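The values are calculated or read from the model by the stated rules, or taken from the named source; none is laboratory data. Treat the numbers as computed from the prediction; the structure is a model and nothing was measured. Cβ placement follows ideal geometry from the backbone for every residue including glycine, while neighbour counts extend to all protein chains displayed. Protein only, heavy atoms only, side chains kept; ligands, DNA and RNA dropped before computing areas. Shrake-Rupley method; radii C 1.70, N 1.55, O 1.52, S 1.80 Å.
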Amino acid sequence: MTAMTTMPPVTGLQYYQVDVFTHEAMAGNGLSVFLPESPLPARLMQRLAIEMRQFESIFITPDGPGNRFEARIFTMDEELDFAGHPLLGAAGLLHHLHAADQPAADWTLMLGTRAVAINTTRKEGPQGTYNASMNQGVASVGAALGHADSLPFLAALGLGAAQLDVRFPLQVVSTGLPYLLVPVVGGLERAKIVHPDFETLLATAGAKFAYVLDVSAREGRTWDNAGLVEDIATGSAAGPAGAYLLHHGAAKANEVITLRQGRFAGRPSRITVQANAAGEMLVSGGVVVLARGQLL
């Protein structure tokens, strides 16, 4: 029998369970937030993320004076350079722990060298309920795919040309993670990853993930690239989706866009997106602090 890899002690490590993109407990997108006193080894954070089995888990440690924290985000498979719902959920929890008597607070979460500014406000109603808004910056919009180049991606998602919203192209858009936006007209219930190596296929277009978007209904779906787990509400895709709608005239300049997601996973969620005067994408949603735990 092979001995398990020795891990640093984690006795007493606290974590919280929060729900994001909702104001209702046990709804929206669940998240585990770990609060180590000092940074943990990446291999340990990866194992803890696997143990929690959330779509993503986040680890935050103090990083200098004021409301500034280092953040690292892991799925069950890998560390991510950027993700939306973990950052918003962590900021809501920080408000709960460090500014509960204040109606609003500002936080800076450092992802490597990238500083993400997040504003949180306490919501009237049940204790531990907040709104959080992050500035994802100006979106990068890639070249539109032609019809012939789009067909392999539609097929990989279990869709055909009949589901394509022909008013809009497939296109890679990023505010930190590059998503291939796949515009459809209905048929969201049919969408699923059926390609055996979808991540490699996406890489040919310069994308990390795909986001299937019913443009008229403003409802989207995305998964891990193995197609095994559907993400309930994807903040890192919301900024690109909002930028995509604005780029193609499917949303107005100052409009507050509401994106729906999670219906097919039984956890309906709502994400709001708006571009500010500088063209930066502001992504917002509710946060509910649900539970506290401690590793024994």
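So for region 34-141: antiparallel DSSP bridges make up what percent, rounded to the nearest 5?
Details: 21 of 25 bridges.
For region 34-141, the DSSP antiparallel bridge percentage is about 85.
Ordered by residue, what ³J(HN,Hα) values in Hz, to whole numbers, does region 58-72 give under the Karplus form 6.51 cos²θ - 1.76 cosθ + 1.60, where θ = phi - 60° and Gly and Pro are x?
10, 10, 10, 9, x, 9, x, x, x, 8, 10, 9, 7, 10, 9
Based only on Cα atoms, what Rg/Rh ratio does region 141-202 have, Rh being taken as Kirkwood's radius? Kindly include the intermediate steps, with their values, before the conclusion.
Values: Rg = 11.3 Å, Rh = 12.0 Å.
My calculation of the ratio gives 0.94.
Debye sum, Cα scatterers, region 79-161, no solvent: what log₁₀ I/I(0) at q = 0.14, 0.17, 0.24 1/Å?
For the requested q values the scattering log ratios are -0.64, -0.74, -1.09.
Test of the criteria: in region 201-296, which trypsin sites (Lys or Arg not before Pro) are in a DSSP loop and have at most 16 other Cβ atoms within 10 angstrom of their Cβ?
Values: sites: LYS208, ARG218, ARG221, LYS252, ARG260, ARG263, ARG270, ARG292; in loops: LYS208, ARG218, LYS252.
Here the sparse-neighbourhood loop sites are LYS252.
How far is helix 147-156 tilted, in degrees, relative to the longest principal axis of the Cα atoms in the chain, given as a value from 0 to 90 rounded to the nearest 10?
In the chain, helix 147-156 runs at an angle near 50 degrees to the longest axis.
List the GluC sites (Glu not before Pro) in region 1-98 that DSSP assigns to loop (not H, G, I, E or B) and whose Cβ has at most 11 other Cβ atoms within 10 Å. Which are they? Please list the in-between numbers first.
Numbers: sites: GLU24, GLU37, GLU51, GLU56, GLU70, GLU78, GLU79; in loops: GLU24, GLU37, GLU56, GLU78.
Listed in order of number, the matching sites are GLU37, GLU78.
For region 152-241, compute Rh as the Kirkwood radius over C-alpha pairs and then the Stokes-Einstein diffusion coefficient at 10 °C and 1.306 mPa s; write the answer in µm²/s, rounded to an integer.
Numbers: Rh = 12.8 Å.
Using the Kirkwood radius from Cα pairs, D works out to 124 µm²/s.
Quick one: in the chain, what % of C-alpha pairs are over 28 Å apart? Show your work: numbers first, answer last.
On the way: 15691 of 43660 pairs.
It works out to 36 percent of all Cα pairs.
Any chance you could check the Cα centroid distance between region 79-108 and region 257-293 for me, in angstrom?
Cα centres, region 79-108 to region 257-293: 13 Å.
Debye sum, Cα scatterers, region 1-151, no solvent: what log₁₀ I/I(0) at q = 0.12, 0.14 1/Å?
These q points yield log10 I(q)/I(0) values of -0.56, -0.72.
Just the accessible area per residue of the chain, please: how many Å² with a 1.4 Å probe? Please list the in-between numbers first.
On the way: 13080 Å² over 296 residues.
It amounts to 44 Å² per residue over the chain.
Could you tell me how many degrees, from 0 to 90 and to the nearest 10, lie between the Cα long axis of helix 42-52 and the main elongation axis, the longest principal axis, of the Cα atoms of the chain?
Between helix and principal axis, roughly 80 degrees.
On the accessible surface of the chain, probed at 1.4 Å, how many percent belong to carbon and sulfur atoms? Display every interim value, and only then the final one.
Numbers: 6890 of 13080 Å².
Carbon with sulfur: 53 percent of the solvent-accessible area.
Taking the chain as the reference, fit the longest principal axis to its C-alpha atoms, fit the long axis of helix 84-98 to the helix C-alpha atoms, and give the angle between the two in degrees, 0 to 90, nearest 10.
30 degrees
Considering only DSSP beta bridges with both partners in region 132-222, what is the antiparallel share in %, to the nearest 5? Kindly include the intermediate steps, with their values, before the conclusion.
Values: 11 of 17 bridges.
If I count the DSSP bridges inside region 132-222, around 65 percent turn out antiparallel.
Along each of its three principal axes, how wide is the spread of alpha-carbon positions in region 203-296, in whole angstrom units, largest first?
51, 33, 23
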